[in-house]
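Any read-out appearing in this document is the output of simple, stated calculations on the displayed coordinates, not a laboratory observation. Predicted model, so just to flag it, every value in this text is computed and none were measured. Reconstructed Cβ throughout: ideal geometry from the backbone, glycine too, with neighbour counts over all protein chains shown.
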Amino acid sequence: MNLFLMRHGEAEWGEQLDPTRALTSIGHRQTAAMADFMVRQVGRVDLVLSSWFLRTRETADPMAQALGGAVREDIATLRSEERRVGKECRSRW
């Protein structure tokens, strides 16, 4: 299994934790350039994970499409489950 990590493209100015901040035009160009690069490097992937923040979805969706129509999944539900399990484990210590 190969794992590739990527940060979202340049986002609009604003509060760091604001989930509604979108990519700028530069951010969209950065995403397209990275998608082209990844296609040349790896060809395709099976899965793209992203947060539910707008800027990460605007980065992940084109990446998933460029990389062979990979499934894009939000990690919010995965993180909720992780927190639930983590709380259960801590209560046992």
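Could you work out the equivalent-ellipsoid semi-axes for segment 1-57, taking the square root of 5 times each eigenvalue of the Cα gyration tensor, largest first, in whole Å? Display every interim value, and only then the final one.
Details: eigenvalues 106, 39, 11 Å².
Ellipsoid semi-axes (Å, largest first): 23, 14, 7.
State the extension gain, in nm to one decimal, for the chain segment bounded by D18 and S51, taking 0.36 nm per residue of separation less the distance between their alpha-carbons.
Details: separation 33, 0.36 × 33 = 11.88 nm, distance 1.23 nm.
Length difference between fully extended and current span is 10.7 nm.
Hey, can you rank 42-55, 10-23 by average C-beta count inside 10 Å, highest first?
Numbers: 42-55: 15.5, 10-23: 12.9.
In decreasing order of mean packing, 42-55, 10-23 become 42-55, 10-23.
List the residues whose amide H sits under 5 Å from the amide H of A11, counting only those 5 or more places along or on another chain, with H placed 1.01 Å from N in the peptide plane.
T24
Which FRET efficiency value, to the nearest 0.05, do you get for R40 and D74 by plugging their Cβ-Cβ distance into 1/(1 + (r/R0)^6) with R0 = 35 Å? The partial results should precede the final answer.
Details: r = 27 Å, r/R0 = 0.78.
In this case the efficiency is close to 0.80.
Check which residues have an amide H placed less than 5 Å from L49's amide H, if you skip close sequence neighbours.
Amide H neighbours of L49, under 5 Å, 5+ apart: E73.
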